[in-house]
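In what follows, a single structure is set out as structure tokens and then discussed.
The values are calculated or read from the model by the stated rules, or taken from the named source; none is laboratory data. Note that the structure is a prediction, hence the values are computed from the model and not measured. Glycine also receives a Cβ, built like all others from the backbone with ideal geometry; neighbour counts cover every protein chain displayed. Ligands, DNA and RNA are excluded from the accessible area calculation, which covers all protein heavy atoms including side chains. Shrake-Rupley method; radii C 1.70, N 1.55, O 1.52, S 1.80 Å.
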Amino acid sequence: MASSPRTPFAPWDRRELPGKFTVEETARRVGHYKWFEMRMFELMAGWIATIPELDIKLRLGTHSYHHAFHSELWHKRLPELREMNPERKTVAPNPELEAFVTELGAPEGDDKTLEKLVGMYRVALPAVISTYTYHRNNTSKITDSPTIRSLQFCLNDDMEEWVEAEMTIQSLITDADDARRAADRQAELTTLLIAAGGIAGPGSVGSFDLEES
Amino acid sequence: MKTHISPTALARDTRFNRQTSEDRFTDPRSTMEVGHVDPMAEDVGDRARRRMHGIFVGEIQALEGAGRTAFDFPAGDDYANGEIPYELKLDMARQCWDEARHCEISIKLAEHMGGELGEYVENTMLFEAACHNDPVFRLAGVNRALEGLAIDVFTQMRDFGRETGDPVMVYCEDFMLADEVTHVKMGSKWLRAVTENDPERRKSALEFQRVVDGLFNFRGQRGEEYESPIRLARQFRKMAGFTDGEVDVIAEAAAKERAAIEAEQMAASILAE
Ligand SMILES: [Fe+2]
Ligand SMILES: [Fe+2]
């Protein structure tokens, strides 16, 4: 028995076609994401042996895998965006972001846990969360839903990590000196990140400029 | 952060007491003898706690070692000049997550057994092997030799849980065993892939693996008999990419060492008479 026709989109499905990014622009951003996620998982992994706090070692082991997994999502997305050589796009958007990552990874000693965590979880991770949220909210929910799906996987992990790490950082800040150390470190790295324009370069989280927006 | 840190750079809180491999092997007492965790033994509780603590410190170092390998070597295909495959780095990060869980599991199991963190000395042999300059040697020494040993130990602890009626121990050891089979498999796979065009490098890495295996024969205490303090889990080792021949080599080396020690002891007792 033939059923009566229905609208192809449910009345509650408000997804629209237009999106802000071309295929090329999407591939460019995704390549920068992969590069940055790699630096995050490497640094977290490398720090484990140098951090004496047992609970933090274990969390970094878990978080490092999250970011390796995110980098792999972007690695696999690149050929789907016509980039057949993913390595070519796996780059920093500019030398300023490379400088930011070098400074992010600079703390080394076993007395630098606070500096390590503030850099990673009060500067780098929030930058990732805001860039991914901007991307998710501005790309086409129909044509680019594979990118949205990966962004959402990443954001789920990132939001959880952010809360967990913030609570850990608060537990490490016990007096005015610690508070100052944390604030100084955050300011130093934020300044470098401003120079880079964000993890995907200028426009990482869009623009308020009347013409550009 | 610099790459290739020294094994002594390992960061610990004040609860831990460290013993380097050199300290261990030059100790005139028989600290290498780990003893069979026999459910019927009078001191079974202490033996099991000691074993669980040994597992725990092995897990932290496995976590730290995998982390360093993910960090120390750039991704690329110039294997002769220190690059490693991107996918190998991903596997090392995955191993970090697994080892972090193993730490959590062994901490909780040790607490349940009445043990305390830092109660026993920590030997840093695993991390020392994980600091080798050549990533292929790390795969051979850590992923194949020492994680292979973890397969044996977890199989034995799972059986110990069965024999003592501890279902939580059986459940946890079985999951960890599955993870360790995966880690050894990673070692076998990447060792083969990275040395595909470099037979000399493969040969020396496998030689290093045999040296590490030899150091962990615990004075000949590895074997396939039930009473062996460390029982070789042949079936799971094969699942992880070991050949029967490779397991035979470990068993034979242990038997030889055991025979030599027994002969030494017999000679000493004859002399004493
Ligand atoms: Fe493990
Ligand atoms: Fe393992």
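Structure summary
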quantity: Estimated 222 nm signal from helices in chain A, with DSSP H stretches of n ≥ 4 weighted -39500 (n - 2.57), rounded to 500; calculated: -21000 deg cm²/dmol
quantity: Average other protein chain Cβ within 10 Å of Cβ, residues B:82-94; calculated: 4
quantity: Burial order of peptide ranges B:129-140, A:179-190, B:90-101, B:13-24 (average beta-carbon count within 10 Å, highest first); calculated: B:90-101, B:129-140, A:179-190, B:13-24
quantity: Part-to-part distance (alpha-carbon centres) for region A:1-59 and region B:196-244, which is given in Å; calculated: 41
quantity: For region B:69-95 versus region A:65-92, the gap between their alpha-carbon centres in whole angstrom; calculated: 16
quantity: B:Ser269 accessible area, assembled protein chains, probe 1.4 Å, Å²; calculated: 60
quantity: Shielding by other protein chains, B:59-67, mean Cβ within 10 Å; calculated: 5
quantity: Selection from B:Leu206, A:Pro79, A:Pro8, by position along the positive dipole direction of the protein assembly as shown (Cβ); calculated: A:Pro8
quantity: Local net charge near B:Met52, Cβ-Cβ under 12 Å (Lys/Arg +1, Asp/Glu -1); calculated: -2
quantity: Violating pairs (Cα-Cα greater than 18 angstrom) within the set B:Lys2/B:Lys185; A:Lys20/A:Lys141; B:Lys203/B:Lys238; calculated: B:Lys2/B:Lys185; B:Lys203/B:Lys238
quantity: All Cα pairs of the protein assembly as shown, percent lying beyond 34 Å; calculated: 43
quantity: Exposure ranking of B:Tyr171, A:Tyr65, B:Tyr226, A:Tyr121 by accessible area [1.4 Å probe, largest first]; calculated: B:Tyr171, B:Tyr226, A:Tyr65, A:Tyr121
quantity: Percent RCO, i.e. relative contact order, over chain A, from Cα pairs under 8 Å lying at least 6 residues apart; calculated: 28
quantity: Positive-end extreme of charge dipole, the protein assembly as shown - chosen from B:Thr155, B:Cys131, A:Gly61 (charges on Cβ); calculated: A:Gly61
quantity: Selected from A:Leu193, A:Leu114, A:Leu17 as most flexible by GNM, with chain A as the system and alpha-carbon contacts under 10 Å; calculated: A:Leu17
quantity: Charge context of B:Trp97, other residues only, Cβ under 13 angstrom, K/R +1, D/E -1; calculated: -4
quantity: Which of A:Leu104, A:Pro146, A:Thr131, positive extreme of dipole for region A:23-205 (C-beta unit charges); calculated: A:Pro146
quantity: On Cα atoms only, tilt of B:147-163 relative to the major axis of chain B in degrees; calculated: 40
quantity: Residue of B:Ile55, B:Ile261, B:Ile250 that the Gaussian network model of chain B assigns the largest fluctuation, springs spanning Cα pairs under 10 Å; calculated: B:Ile261
quantity: Loop-located GluC sites (Glu not before Pro) in region B:196-246, at most 16 other Cβ atoms within 10 Å (DSSP); calculated: B:Glu196, B:Glu224, B:Glu225, B:Glu227
quantity: B:Met113, B:Met186, ranked by accessible area, largest first (probe 1.4 Å); calculated: B:Met113, B:Met186
quantity: Environment charge of A:Glu53, counting only residues whose C-beta is closer than 12 Å and scoring Lys/Arg +1, Asp/Glu -1; calculated: +2
quantity: Largest-first ordering by accessible area, 1.4 Å probe, given options B:Phe242, A:Phe153; calculated: A:Phe153, B:Phe242
quantity: Given charges at beta-carbon only (K, R positive; D, E negative), |dipole| of region A:23-205 in Debye; calculated: 800
quantity: Heavy-atom accessible area per residue - region A:1-69, 1.4 Å, Å²; calculated: 49
quantity: Cα centre as origin, Lys/Arg/Asp/Glu Cβ charges: the protein assembly as shown dipole, Debye; calculated: 1460
quantity: Most mobile of A:Ser64, A:Ser130, A:Ser171 in a GNM of chain A (Cα contacts under 10 Å); calculated: A:Ser171
